[in-house]
C-alpha cells in the first residue's frame, strides 16, 4: 500500500505535461496506464487489509465500511475540485485558466497520494498487523448446517 500510491503520484505528475496540443498515444495514454497500474497495486492490498483486520464474522461490515469511506472520499474530492483549481463561482473559466487549474489539481492530488503512501508506510502492519490470509472461499469452509437439522444429516 506504499508502492501503489507512489506509482499513482508519478502518473499524476506526468499528466501535468498534458496541454491542448498533447497527442493521445504519446502524452496521455502512458500516464493513464501508469495510473491504472498504481490503482491496481493500491486497491487490492487496501481491501485485503481492511477485511483481514477484522474477524471473519465481521467481514461484511468491514467491506461495507470500506466502500462507504471510499465513496464519501470521492464525493468530497469532487466537491473540492473547483476550490482547489482556483475557480471562482459565477465567473467564467477561460482555456488557459482551465489548464492551469487542471495542472494544479494534479499536483495537489499527487501530494495527497504521497502523503497517503507515507501514512501507509508508517502505520500499516504496525497498528494493524495482518497475517497472510487463508482461503476465504465458501468451498474451503466447513459445511453449513441448516437451521433445525441435526449435525448427522447435515454432514
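All of the numbers you see were taken from the coordinates with simple rules; none came from a lab. Since this is a predicted model, take the numbers as computed values, not measurements. Quick reminder, even Gly has a Cβ in these numbers, built from the backbone with ideal geometry, and neighbours come from all protein chains shown.
Key figures for this structure:
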| read-out | value |
| --- | --- |
| Burial order of peptide ranges 60-67, 48-55 (average beta-carbon count within 10 Å, highest first) | 48-55, 60-67 |
| Additional length obtainable on full extension of the chain from residue 68 to residue 93, 0.36 nm per residue less Cα span | 5.7 nm |
| Anisotropy class of the range 1-93 from Cα gyration tensor, a/c 1.5 cut | oblate |
| Least to most buried among 100, 95, 19 (fewest other Cβ within 10 Å first) | 95, 19, 100 |
| Potential extension, residue 44-residue 118 segment - 0.36 nm per residue separation minus Cα distance | 24.8 nm |
